[in-house]
Amino acid sequence: MSHSKFYSSLLVLIVLNAIIKPVWIFGIDRQVQNITGVTEYGMYFSLLNLSIVFGFLLDWGLNNFVNRELAAKKTELQQQLGSFLLLKFIFFIAYTFIVVAVGKLSGVKRWDILFGVILIQFLTFLFLFLRNVVTANQWFKTDAFLSVLDKTLMTLLCGTFIFLPHFFGSINIQKFIVAQIICTMIATLIVIIILLSRGIIIKKPSLQFFDRTFILSVFPFAITIFLMSVHIRLDGFLLERLHHNGAHETGIYAAAYRLLDASNMIGYLIASFFMPFVARQWSEHKPLQGIVLQTRHVQLMFAVTVVAITVMLAPSLQKILYHRNDEYSIRILQWCLPALIGYGLTQVYGTVMTATGDVIAFCYFNLAAVVINIFMNLFLIPQYGAFGCCISALCSQALLGLSTMTFVHRKLKTPIDGASLIFYLLNGLIICAVLYGLVKVPVNTLLLIPLASLITFLVMWLGKMISLNSWLSFLKKR
């Protein structure tokens, strides 16, 4: 696939997700928390994080492994799709047993929520695995529409409970979980139908394919998924368990984390496209420097913009989204979002490391970040609560991002491009200065967000991070 087709498909992906995912996150998920309350939603968020931490047991790195290997034209793996699906169901049994055991040992009482999120995780990982087959075959535009399918269905179903309670009854955590299960199941069936219609054959499954060689090949991917899950999600569970007012603190943290998760969506989507593309380029011995730097520019400029907006407009955002304006919630929001910069670096360079065969090195980087994150959380959470989680995430994510960036540039023997780092900082400072001046005048806060985006676009253009002529010539060809 050419660079132009890659970017056109990526643009479709970003536009669709920029429309659908915010509606789900802020129109549905946020409303569920406002309706059910901070404490009840905090309990759901805690158990959801627990289920995500052990999510590697549902995958064992198969998603990334299959994505990379198929993209590198190893089509024999595609003939084993039925065997992979059988293995997924075996993983599900082991995953359920272990998560339930951990829940029992840690004193979980809301088993209705725990079993619900366990099933959600299984269906989600199955859906993502099948989508990886789509992207590995370079059907990027198809995957762009599939990437919003599950959330579109969830938005429609949950929206009936939230906005039409007189007809369907008011939303609660149980209905919210059941709706996610139904919609993810439907989305998974639709992906299977698409694969079958495009000639992908699901043969009779056999576990003989998964020999010792295969297990050793997949194992580093499994460890990577586990460590990344622990790094990103364990803090929410530890917060609910370790703090004396855990459920309430977790609810406050979940409110801020929702914005971080929503902002991180763009990076995750870019990484999901980036992986098979880089793997194909690497297998064909094509240069990677240009595509890596361009992707980093997009990731970090976006991250810096979001962080600047959140830090400067946190009081207004807190009031608009959650109808609260207490100083503690605002403080958590301001300190939670800066971790996005570390996320952005890791999503670019961690993806390159995985796609080019340096999975083991990526594991070591993740392990170091996880150890730092856990020790900081154990030390900070009992006294500082959600604020401690924010500081831990900020430090460990920054360390991981900088480590992977340094490794990749040394491997590719290319400069880090220090000039662009100055433009990232300059962009953040300009946005902060402009917003600082405008928040004092009577203007709608939401209008300031497009202004910040325009500033970012101008900085990228002046810094030659993007080329308007290239985009215009490309659009004319379309």
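State in Å² the accessible area per residue of the chain; use a 1.4 Å probe, count heavy atoms of protein chains only, and round to the nearest integer. Display every interim value, and only then the final one.
Details: 20590 Å² over 478 residues.
In whole numbers, the chain has 43 Å² accessible per residue.
Other residues whose C-beta falls under 13 angstrom from the C-beta of G267 contribute a net charge of +1, scoring Lys and Arg +1 and Asp and Glu -1. The candidates R131, R110, arranged from most to least accessible area with a 1.4 Å probe in the full protein assembly, appear as R110, R131. Converting phi to 3J(HN,Hα) with the Karplus coefficients 6.51, -1.76 and 1.60 and the offset θ = phi - 60°, region 117-125 yields 6, 4, 5, 4, 5, 4, 5, 5, 5 Hz in sequence order, with x at every glycine or proline. For K440, the accessible area of its heavy atoms, probed at 1.4 Å with every protein chain present, is near 140 square angstrom. Ligands, DNA and RNA excluded, the heavy atoms of M185 present near 90 Å² of accessible surface to a 1.4 Å solvent probe. For K411, the aspartates and glutamates whose Cα falls under 19 Å of its own Cα, not counting residues fewer than eight places away in the same chain, are E284, D358. Mind running the shape call on region 315-426? Use the C-alpha gyration tensor, a ≥ b ≥ c as the square roots of the eigenvalues: rounded below 1.5 for a/c, prolate if a/b tops b/c, oblate otherwise. Judged from the Cα gyration tensor, region 315-426 comes out oblate (a/c at least 1.5, b/c at or above a/b). Does a label point 7 Å from the Cα of R324, set along Cα-to-beta-carbon, have any residues of region 245-261 with amide nitrogen under 14 Å, and which are they? Residues passing the 14 Å test: 245-259. For region 26-41 versus region 215-288, the spacing of their alpha-carbon centroids is 23 Å.
The residues packed around I381, meaning those with a beta-carbon under 13 Å from its beta-carbon, carry a net charge of -2 if Lys and Arg are +1 and Asp and Glu are -1.
The values are calculated or read from the model by the stated rules, or taken from the named source; none is laboratory data. Bear in mind the structure is a predicted one, so any value in this text is a computation, not a measurement. As a convention, Cβ positions derive from the backbone with ideal geometry for all residues, glycine included, and neighbour counts pool all protein chains shown. Heavy atoms of the whole protein, side chains included, go into the accessibility calculation; ligands, DNA and RNA do not. Shrake-Rupley method; radii C 1.70, N 1.55, O 1.52, S 1.80 Å.
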